[in-house]
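Colleague: Once you've had a glance at the structure underneath, I'll fire off some questions.
A short reminder: the numbers here are calculations on the coordinates, not readings from a lab. On a predicted model such as this, the values are computed, not experimentally measured, just so you know. A quick note on method: Cβ atoms are made from the backbone with ideal geometry, for glycine too, and the neighbour counts reach across all protein chains shown.
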Amino acid sequence: MKPNTQVQGVVLLALAAMTLGAAPQAHADAVTEWNARAADFTVEARINPPLAACAMAAVQTAVYAATNAITKRYPGSLTVDAAPGASVDAAVAAANRAVLVKFMPTAQASIDRAYQAALAQIADGAAKTAGIDVGDRAAAAGCRRGGQFLRTGPRAEANHTELRDIPLA
């Protein structure tokens with residue numbers, strides 16, 4: 001390499017390093033943040049693994065339906081209408097809350113705190129209200145359609161929940 005080319009290479013390498021170093025930190029979106037919270041709630045509620053898997057599947061189905069109702073990005077068999085401009089973040093929070101409290105009533109206080117904290121980050125207005133509405137409706141539609149049933153009650157183990165004969169929705 002010629003001396004001038006070497007200098008240019010070093011300058012380009014330095015610029016690339018500075019650009020990468022100045023890149024903003026990765027920030028998870030509402031879906032992945034709530035997915036982590038939902039997993040934490042299954043631990044807090046001490047539900048058995050098969051029920052935890054059902055809860056996570058039901059949550060993700062409701063979240064998919066709610067977000068897709070707003071973005072209309074993918075086809076889906078569970079369709080819910082959304083008002084134009086509805087907040088995806090509010091829809092995700094509402095769908096999570098609606099499903100999680102059905103599966104984990106013993107963790108409702110924690111779920112509600114996380115829900116209120118998530119909503120506090122969203123500006124009040126029509127978009128937030130519409131997002132909450134579509135999230136709630138997606139959760140109800142998913143629970144009705146899923147055919148899963150839930151029963152909670154006193155058992156030998158604390159906070160034990162089983163799939164049984166009471167509809168989720």
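Colleague: What are the pairs with Cβ atoms under 9 angstrom where one residue, in the range 55-74, is surrounded by fewer than 17 Cβ atoms within 10 Å (Cβ to Cβ) and the other, located anywhere, is part of a helix (DSSP H, G or I)? Sequence gap at least six, or different chains.
Modeller: Qualifying pairs under 9 Å: 57/146; 71/88; 73/67; 74/64; 74/68.
Colleague: Still on this structure: Within the range 75-92, take every residue that is within 12 Å of the chain's Cα centre (by Cα) and under 18 Å from residue 141 (Cα atoms) and give me the one that is surrounded by the fewest Cβ atoms within 10 Å (Cβ to Cβ).
Modeller: Going residue by residue through the range 75-92, those that are within 12 Å of the chain's Cα centre (by Cα) are 88-92.
From the residues that got through so far, the ones that are under 18 Å from residue 141 (Cα atoms) too are 88, 90-92.
On the way: 88: 23, 90: 26, 91: 34, 92: 27.
Going through the qualifying residues, I end up with 88.
Colleague: Conditions first: (1) within 14 Å of residue 90 (Cα to Cα); (2) touching a residue at least 40 places away in the same chain (Cβ under 8 Å); (3) surrounded by fewer than 18 Cβ atoms within 10 Å (Cβ to Cβ). Residue 128 passes all but one, so which condition is the exception?
Modeller: With respect to (1) within 14 Å of residue 90 (Cα to Cα); (2) touching a residue at least 40 places away in the same chain (Cβ under 8 Å); (3) surrounded by fewer than 18 Cβ atoms within 10 Å (Cβ to Cβ), residue 128 is out only on (3).
Colleague: Just for the range 35-51: of the residues that are of a type in the set (A, V, I, L, M) and within 15 Å of the chain's Cα centre (by Cα), which one is surrounded by the most Cβ atoms within 10 Å (Cβ to Cβ)? Walk me through it before giving the result.
Modeller: Step one: of the range 35-51, the residues of a type in the set (A, V, I, L, M) are 36, 38-39, 43, 45, 47, 51.
Imposing the further condition that a residue be within 15 Å of the chain's Cα centre (by Cα) reduces the set to 36, 38-39.
Details: 36: 10, 38: 23, 39: 14.
Result: 38.
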